[in-house]
Structures are given as C-alpha cells and as structure tokens.
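All remarks here apply to the structure that follows.
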Amino acid sequence: MIELRDITKIYTRGSVTFTALKDISFNINKGDYCTVVGSSGAGKSTLLNIIAGLVHPDSGNIYYNRSDIYQQKAGDLNNYRRKRLGFVFQQFYLMPYLTVAENIRLACHNKQHAGKLDFYLGKFSLSGMGNKYPSELSVGEKQRTAFIRAIISEPEMLLADEPAGNLDPGNRSVLMNLIGEYHKNGGTVILVTHDPSMSEHSNISITLEKGMIQNNTMRVPSTQK
Amino acid sequence: MNALRLIIKELLYRKISSLIILFTVIIASAVSVGIYSLSKASENETRKIMREQGLNLYIFPKGTNLIDFYSANNTPCFPENYIHVLAESKTFDAVRHLTGILQVKYPDWKDHNGSSHQILLVGYKDEAMQRFLPEQEIMGTDVVKGTVQVGALVARNIPEGAQFTITGNDGRQYSFDIARRLGEGKGMIDQGVAFNLADLQMLLGMEGKINKIEALGCVCKDGRINNSRKQVQAIFADLEVTEISSIADARENQRLMMNKYGAFIIPFIIISCLLITGFLFYQNINARKYEIGLLKALGNSTGSILMMILAKAFILGLAGAVTGFFAGTLVAEYFGKEIFLFTATSIKPLWNLFWYSLLIFPVLWMLSSWIPALIASQTDAAKVLAEEY
Ligand SMILES: Nc1ncnc2c1ncn2[C@@H]1O[C@H](COP(=O)(O)OP(=O)(O)OP(=O)(O)O)[C@@H](O)[C@H]1O
Ligand SMILES: [Mg+2]
C-alpha cells in the first residue's frame with residue numbers, strides 16, 4: 001500500500017547541511033500497524049511528514065497504491081491527505097472558536113461522514129458535548145475530539161506522531177486502545193514514538209537512528225495483506 | 001464545515017483585532033464619503049450662490065454694451081434657438097448650463113396705487129440640456145410658467161397676497177401669481193421681476209427672442225474665457241462672450257481647494273488604514289499558524305487558505321464600507337448644515353458613491369491582507385505542527 005524507496009532528506013541551515021534521513025526503504029501493507037521508534041532527532045517526524053505528503057524528500061520515491069505521491073499535482077496531494085490520511089498529533093490543534101462538533105466537521109468531506117458525528121460522540125463518551133468549546137473540555141475529552149476528527153472521514157491510514165506525548169497514563173492507554181481499535185477494524189497505522197514500549201501492539205517496528213534504519217522487525221505477520 | 005461559518009466564528013473570536021480592522025475601514029470610508037459629500041455640497045452651494053449673482057459667462061450679440069442691459073430696453077436680440085444649436089453641438093463643451101435670458105428695462109410699471117416705477121424684466125428659459133455632455137444637476141430655480149418672482153424693491157410695492165399685474169406690449173393687462181418674493185440685496189434684481197421666458201416674450205411681443213445667454217465656463221487649461229469664446233464664435237460668429245471673473249474665480253478657487261483637500265486627506269487616511277490592517281492581518285495569521293497548519297494537514301489547498309484570509313478582509317471591508325458610508329454622510333450632513341446656507345438640507349446620501357464604496361473598500365482591504373494571506377497560504381504545516389504549542 002505504501003512503499004518508500006531510498007528516501008533521503010537533507011536540511012540546510014545556512015551553509016550547514018544536515019542529513020535527517022538517508023536511503024530509507026520499506027513497505028507497509030494495508031492493515032499493518034507500524035511503529036517507528038528512535039531517539040530524539042533520529043528523523044522520525046521527518047519520515048512521517050514525508051509519508052503525509054507534507055515534506056518533500058530530496059531524493060527517493062514514495063508510492064501510495066503504486067503512484068508516486070510527490071509526482072502528482074498539488075491538488076492530488078491535497079486529496080491524498082484529505083481522503084486517505086488521518087492525523088493524530090501530540091497537541092490537539094482544536095480551533096478554540098469552533099465547537100466540538102464543528103472541529104470534527106472540519107475533516108468531514110460529505111454528508112455521510114457528518115452523519116456519523118453523533119455515533120462517534122456517543123461511542124467516545126462525548127454525547128451531549130457537541131456544542132461545547134475546547135476551553136470547556138478536559139484533556140481526555142479534547143484528545144477524543146481530536147481523535148474523532150482524525151478518523152471520521154474513514155481514512156485508510158492513521159499517522160500518529162507522539163500521540164501520547166502529553167498525556168497522563170490513563171488518557172494514554174485510552175488513546176492507545178482507540179488506535180488499536182481503529183487498526184482492528186482494518187485501518188493501517190503508522191505510529192511514531194521515542195518510547196519502545198509503545199510498539200507492543202504493532203506488527204512492524206522500525207528503529208531509526210541518525211536518519212538510518214537500524215532495525216526492521218516484522219513481529220506478527222499482518223492478517224490482512 | 002461551512003467555510004463562511006469558520007471565517008465568521010474566527011472573526012468574532014478575535015474580537016479586538018477584528019474590531020480594529022473594521023474601525024479602520026469605517027474611518028477610511030467615512031472620511032472619504034464625508035469629504036466627497038461636503039465637496040459636492042460645496043460645489044452645489046457655489047453654483048447656487050453664483051446663480052443668485054448670475055452665472056460667470058455672458059454670451060450676447062457682438063457690439064452690445066453691457067451697461068445697457070440695465071438701462072436700455074433695446075439691446076440687440078438674437079434667436080432663442082441659438083441655444084439649441086449650441087446644446088446640440090458635439091464640439092461645444094467649454095460652456096455649460098446654458099440659460100437663455102431676455103432682459104429689458106420697463107420704464108413705467110404701475111403699482112396698485114397707480115404710481116409709476118421703472119423696473120427690470122428678466123425672462124428665464126429652462127436650462128438647455130447639452131446632449132453630448134454628461135447630464136448635470138440644473139443650477140437654479142427655473143421660473144414656472146404663469147408665475148413670477150419679484151425682487152425685494154418691487155415686492156414692497158405689491159400687497160401681500162396680490163398678483164403681479166403689468167401692461168403688455170399690446171396694451172392689455174397681464175396678471176401673474178407671485179411664486180416668490182426675493183430677499184433684499186440681490187443687486188439689480190432687487191428692482192426686477194423674473195418671468196418664465198415664454199411669458200415675458202409674449203408680454204413684450206418678442207416671441208423667439210433673447211438678448212443674453214448666461215452660462216458657466218468650464219475650467220480649462222488654456223483659460224476659461226479663451227476656450228469658451230473660441231467655441232461659441234466657431235458656431236455663431238456674431239456672438240460675443242464676456243466673463244464675470246470674480247464670481248468665476250471664487251467658484252474655481254473653492255472647487256480647487258476642496259479637491260486639493262480631498263486629494264491629500266483621502267489617500268493619506270486610506271493608506272494609513274490599509275497599513276494598519278496589513279499589520280493586523282499579519283499578526284492574525286501569526287496567531288493562527290497552528291490552525292492554518294492543521295487545515296493544510298487536513299488537505300486544504302493553498303488557494304483555499306488564501307481565500308479564507310481574503311474573505312475575512314472582504315467581509316470586514318464590506319461591513320466597514322456600509323457603516324462608514326452612513327457615518328460619513330451623517331457627519332457631512334451635520335457639518336454641512338453649519339457651513340452651507342442654500343444646500344444645507346440638500347446634502348443627501350450619494351447612492352452612486354455608496355455602490356462604489358461597496359466595491360472599493362472590500363477590494364482595498366483584500367489587497368491589504370494580500371501579503372499576510374500569501375504568507376499564510378505558504379505555511380509549512382510540517383514545520384508549524386512540529387513546534388511546541
Ligand atoms: N525544518 C527543519 N529544518 C532544519 N532541520 C530540521 C528541520 N526539521 C527537522 N530538522 C532536523 O532534522 C533532524 C530530525 O528531526 P525530526 O523532527 O525528524 O526528529 P525526531 O526523530 O522526530 O525527533 P523528536 O523525537 O525529538 O521529535 C533533527 O536533528 C532536526 O533538528
Ligand atoms: Mg518528532
């Protein structure tokens with residue numbers, strides 16, 4: 001489903017160049033749960049942003065369903081993000097002036113998605129909170145709102161960058177369960193974390209160090225190739 | 001999620017910044033509309049004053065001695081339809097507001113006591129519409145057929161409520177309703193009676209004749225009078241043009257002064273307001289960089305982000321333009337009443353200007369948000385979302 005070939009990313013600051021990723025290649029299939037671990041500065045976020053279509057690699061190709069995402073028109077790249085991907089960030093990025101329901105609707109592209117709003121609010125114990133503003137929510141409620149926003153358009157792939165970085169253990173396990181459930185329902189997950197213990201749900205674990213893959217383990221064969 | 005709703009909610013959320021931007025549009029629009037309305041009013045006012053005193057250009061047959069207009073009753077006449085020929089000429093644009101006049105001395109008018117007075121009779125033809133010039137407001141009050149307006153000195157000799165009665169050339173008595181008794185100090189017209197031209201021609205048996213055209217010379221580079229004279233004489237070699245320069249100068253000076261004021265103040269205020277707006281928009285997109293990063297990550301295009309910012313500027317520009325228009329008109333009305341005597345009540349909303357400002361201010365404000373909007377649309381979502389909140 002997603003295929004990276006010799007991805008290299010070089011950042012230039014003035015005259016100093018810094019190779020953030022070097023010759024990264026791997027495949028992720030539909031239904032995989034992949035964790036990318038590594039220490040700070042290893043290039044995890046850069047890698048995820050490249051997959052997300054937000055950062056152009058300096059060389060190499062990345063194919064989504066066999067088409068190179070950086071070879072397509074800007075509009076198609078936007079559509080790729082809009083229709084195929086869901087994002088979970090370390091911060092929630094809820095618009096303070098929009099209600100819970102409105103924040104979620106930012107990610108809805110049609111009536112069908114919007115029609116599921118109540119279902120998800122109920123499922124994630126947010127029923128009756130659709131009209132509240134982010135400032136009126138607890139951290140856990142904000143997190144669940146952001147999570148619904150990520151999955152309401154039923155994306156094929158969920159990209160999460162340190163999603164639990166700011167969460168207490170309780171909310172962290174809630175979030176990890178939500179991601180796990182999304183995966184169980186057939187979704188593909190790429191999770192970036194510096195905490196190796198979070199790779200326990202995954203079937204693929206990639207360890208990055210200094211922009212290079214140190215270790216690429218396949219734990220359990222994915223059930224839904 | 002409806003884009004307009006997002007824009008409006010954001011705008012209401014960041015109240016202070018939105019209010020200041022709105023305020024800048026209101027100021028810019030109110031000042032422009034106010035000054036423009038006042039300068040229009042001032043122009044009308046000058047015209048009205050001039051009409052009271054006479055227009056600035058006199059066109060009359062060559063060889064007429066101007067002094068005779070007030071003392072003789074046999075100054076040379078020319079056909080009334082000369083006016084129409086002038087008005088119909090494509091090349092005739094240095095002179096406007098052509099008013100045909102027949103002005104004669106009437107040596108023995110009998111008042112109701114039977115005593116005899118020498119008075120001045122002036123017949124005004126309705127102002128000619130110049131077909132090849134943009135239509136303009138008529139300058140003066142035209143005298144309605146069957147009525148007269150009497151000068152202050154004549155009025156003293158007619159009892160309140162009575163008609164004005166005069167013996168015609170044919171020896172018959174003619175009576176006219178008095179539409180207006182003019183105030184004192186209007187110069188020669190104090191001892192005059194204003195008629196509709198046709199009435200006076202009939203009274204004097206001078207059908208189709210006038211002896212003067214009063215008009216307004218344009219403000220031309222190569223000199224008002226030269227230009228006007230050239231144009232008139234190109235059509236009628238037997239006519240002469242004279243300028244009443246003090247009135248013309250006063251009018252021109254006032255106009256130029258108003259225009260100079262406006263030409264300096266309006267752009268100055270508008271540009272200042274635009275700069276403030278540009279700065280506030282820049283701050284706004286800085287404050288919103290996470291929002292914008294998120295919207296981009298969610299797959300919104302560069303163009304849609306650009307539109308989102310520009311639409312906000314458009315909405316504020318539109319709201320400010322409407323508010324500013326009425327504020328400016330109100331202010332102009334308020335000050336106009338103090339400044340202008342004749343036109344005080346005639347300062348009305350200039351609806352043409354309204355439609356223009358509905359177009360101009362939103363567009364200007366969109367332009368001032370253009371650079372911030374471009375910056376916002378180029379937001380690097382990956383970079384922004386990697387920063388600490
Ligand atoms: N926009 C940028 N310009 C220059 N250098 C950058 C940029 N983004 C990232 N880098 C550098 O690239 C390297 C990899 O960054 P990246 O954010 O991918 O690391 P990370 O593995 O996600 O780290 P962390 O766990 O701290 O989030 C870092 O050394 C970082 O300083
Ligand atoms: Mg990172």
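Bear in mind these aren't lab numbers, they're just calculated from the coordinates by the rules spelled out. This is a predicted model, so every value here is computed, not measured. In this analysis, Cβ positions are derived from the backbone assuming ideal geometry, glycine residues included, and neighbour counts consider all displayed protein chains.
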Checklist entry - When the helix-only estimate is applied to chain A (DSSP H runs of n ≥ 4, each -39,500 (n - 2.57), divided by the residue count), what is the mean residue ellipticity at 222 nm, nearest 500 deg cm²/dmol? => result -7500 deg cm²/dmol
Checklist entry - Can you list the HN-Hα couplings for the range A:95-104, worked out from phi with the Karplus curve (6.51, -1.76, 1.60; θ = phi - 60°), rounded to whole Hz and with x for Gly and Pro? => result 6, x, 9, 10, 6, 3, 5, 5, 4, 5
Checklist outcome for this item: Ranked on Cβ counts within 10 Å of their own Cβ, fewest leading, A:LYS22, A:LYS83 go A:LYS83, A:LYS22
Checklist entry - Which whole-number percent gives the relative contact order of chain A, counting Cα pairs below 8 Å spaced six or more residues apart? => result 31
Next on the checklist: Please list 3J(HN,Hα) in residue order for the range B:5-12, calculated via the Karplus relation 6.51 cos²θ - 1.76 cosθ + 1.60 where θ = phi - 60°; whole Hz, with x for glycine and proline.
Outcome noted: 5, 4, 4, 5, 5, 5, 4, 6
Checklist entry - Sequence-distant or interchain residues sharing an amide H contact under 5 Å with B:VAL95, placed H: which? => result B:CYS218
Item to check | Of A:LYS132/B:LYS383; B:LYS15/B:LYS312; B:LYS105/B:LYS230; A:LYS83/B:LYS296; A:LYS44/A:LYS73; A:LYS184/B:LYS383, those spanning more than 23 Å from alpha-carbon to alpha-carbon | outcome: A:LYS132/B:LYS383; B:LYS105/B:LYS230; A:LYS44/A:LYS73; A:LYS184/B:LYS383
Checklist entry - Counting each DSSP H run of 4 or more residues in chain B as -39500 (n - 2.57), what helix-only mean residue ellipticity at 222 nm follows after dividing by all residues, to the nearest 500 deg cm²/dmol? => result -17500 deg cm²/dmol
Next on the checklist: Counting only other chains, and only Cβ atoms inside 10 Å, what mean value do you get across the residues of A:81-91?
Outcome noted: 4
Next on the checklist: Using Cβ counts within 10 Å as a stand-in for footprinting exposure, how do A:LYS111, B:LYS145, A:LYS44 rank, fewest first?
Outcome noted: A:LYS111, B:LYS145, A:LYS44
Item to check | Listed residue (B:GLY278, B:SER368, A:GLY165) projecting farthest to the positive dipole end of the protein assembly as shown, Cβ model | outcome: A:GLY165
Item to check | Per-residue Cβ neighbour rank within 10 angstrom, fewest leading, B:PHE325, B:PHE340 | outcome: B:PHE340, B:PHE325
